[in-house]
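This report concerns only the one structure given below.
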Amino acid sequence: MQPKHEIDIRVRYAEVDQMGVVHHARYFEYFEMGRTEALRACGLNYRDIEEAGYFLVITKVTCAFKMPARYDDILTLETWIEKLTRLRIDHAYRLWRDEKRQLVAEAASTLGCVDRNGQLREMPADLLDLFGKASRQE
C-alpha cells in the first residue's frame, strides 16, 4: 500500500447548507487540498510543474458519501497515489471525522498530463521519478 498523507480540515460556515451539512461540491475542494498538500510535503508543487509546461487535469473523479460532515467538524483527509503512469496519476482519498475515525467519504481521482493546449503529454522521466518517490515516501 502506498504511504498516505494526512491533513486536518475544520468545516467552515461558508461550506454548509441551511441544515449545517457540508455541500457535496465542497468535498472535491477538500480532495484538491489533499493532492496539493501531499505534493508539497514531498517538495513538489503544481506551480513549478505548470511553469515547466505540464498541466495535471482531472479526467475522472468519484466519491461515495458515507455520512454527512457538519459545521465546525474537524475532518482528517488521507490522500495517496494508487497508480502512476507516464500519462496519469490516480489518487485515492478517505475523509474521517474526529478521533473516532468515522468514515465520511471515500473517493478517487485521475489526473491526466497535458500541455498548454490541452493535448495529452507524457510526463518527463524526472517528473515521473519525483512523483514515484513522493508516492513511496513515509
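Every number here is computed from the coordinates shown, using simple stated rules; none is lab data. Please read all numbers here as calculations on a predicted model, not as lab measurements. Note that each Cβ is placed from the backbone with ideal geometry, even for glycine, and that neighbours are counted across all protein chains shown.
For this structure, a couple of remarks:
- Axis angle, to the nearest 10 degrees, between helix 125-136 and the longest C-alpha principal axis of the chain: 30 degrees.
- Each residue, residue 126 and residue 100, gets one label point 7 Å from its Cα in the Cβ direction; the gap between the two is 5.0 nm.
- Hz values of 3J(HN,Hα) by residue in the range 112-124 - Karplus curve (6.51, -1.76, 1.60), Gly and Pro given as x: x, 9, 10, 8, 4, 9, x, 8, 3, 9, 6, 6, x
- With R₀ set to 41 Å, the beta-carbon distance separating residue 87 from residue 13 gives a calculated FRET efficiency near 0.55.
- Nearest-0.05 FRET efficiency for residue 117 and residue 26, computed from C-beta distance (R0 25 Å): 0.20
- Shape category assigned to the range 5-129 from the gyration tensor of Cα positions, a/c cut at 1.5: prolate
- Choice from 92, 108, 125 with maximal GNM fluctuation in the chain (Cα, 10 Å cutoff): 125
- Residue of 67, 123, 33 that the Gaussian network model of the chain assigns the largest fluctuation, springs spanning Cα pairs under 10 Å: 67
- Take the Cα of residue 6, step 7 Å toward its Cβ, do the same at residue 66, and the gap between the two points is 1.4 nm.
- Here the chain is treated with +1 on each Lys and Arg Cβ and -1 on each Asp and Glu Cβ, and its dipole about the Cα centre works out to around 280 debye.
- Using alpha-carbon coordinates, inclination of helix 24-41 to the longest axis of the chain, degrees: 50
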